[in-house]
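**Student:** Attaching a single structure in structure tokens format; questions to follow.
No lab work stands behind these numbers, since they all come straight from the coordinates. From a predicted model like this one, the values you see are computed outputs, not experimental measurements. With ideal geometry, Cβ positions are generated from the backbone for all residues, glycine too; neighbour counts draw on all protein chains shown.
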């Protein structure tokens, strides 16, 4: 009889029926998940290829290489906590990319901030036009305030995405 057979006449086959743990596992965890998208934390979905071997649906074909110092390598290895370093690093990078992507509420808030900054800039331009036309008497304090406001406005605009 075969290695996996329990009374089966065919050598090397896994018998079906009661007590077949492989069938139970396959029924509990299907090989593909049609409703979920793969993320950095979970591997790409697989289907069965020739001979029943799993084949990646969206295989990772691009390689990225980097060099670390001994101290960096030790720190990364400790932080990975037994996980493969490449998987750990890919997950951390993907988490950072996901965190940097603003949500819908954040985009709306940024739009409001940009509109407020545009109004402040417009008021600043109107004030400077009035000063240049002689309608407002320029003082050293006014020039300092305008210069400070202009530099702060530029810094805030550069920080916004």
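**Student:** What is the residue count in the range 127-161 for residues that are farther than 27 Å from residue 100 by Cα and surrounded by 10 or more Cβ atoms within 10 Å (Cβ to Cβ)?
**Tutor:** Filtering the range 127-161 for residues farther than 27 Å from residue 100 by Cα gives 127-150.
Those still in the list that are surrounded by 10 or more Cβ atoms within 10 Å (Cβ to Cβ) too: 127-132, 136, 138-139, 142-150.
Residues in the range 127-161 being farther than 27 Å from residue 100 by Cα and surrounded by 10 or more Cβ atoms within 10 Å (Cβ to Cβ): 18 in total.
**Student:** For the range 63-104, enumerate the residues that are farther than 30 Å from residue 160 by Cβ and in a loop (DSSP other than H, G, I, E, B).
**Tutor:** Initially, the range 63-104 is screened for residues farther than 30 Å from residue 160 by Cβ, giving 63, 65-88.
Hits for the range 63-104 are 63, 65, 66, 67, 68, 69, 81, 82, 83, 84.
**Student:** Here's a follow-up. May I ask you to verify whether residue 107 is assigned to a helix (DSSP H, G or I), farther than 30 Å from residue 66 by Cβ and in contact with a helix residue (DSSP H, G or I) (Cβ under 7 Å, 6 or more places away or on another chain)? Break it down stepwise before answering.
**Tutor:** Values: assigned to a helix (DSSP H, G or I): yes; farther than 30 Å from residue 66 by Cβ: yes; in contact with a helix residue (DSSP H, G or I) (Cβ under 7 Å, 6 or more places away or on another chain): no.
Answer is no for this residue.
**Student:** Further, regarding this structure: Residues in the range 112-125: is at least one under 30 Å from residue 80 (Cα atoms) and in contact (Cβ under 8 Å) with a residue 12 or more places away in the chain?
**Tutor:** No; the residues of the range 112-125 include none that is under 30 Å from residue 80 (Cα atoms) and in contact (Cβ under 8 Å) with a residue 12 or more places away in the chain.
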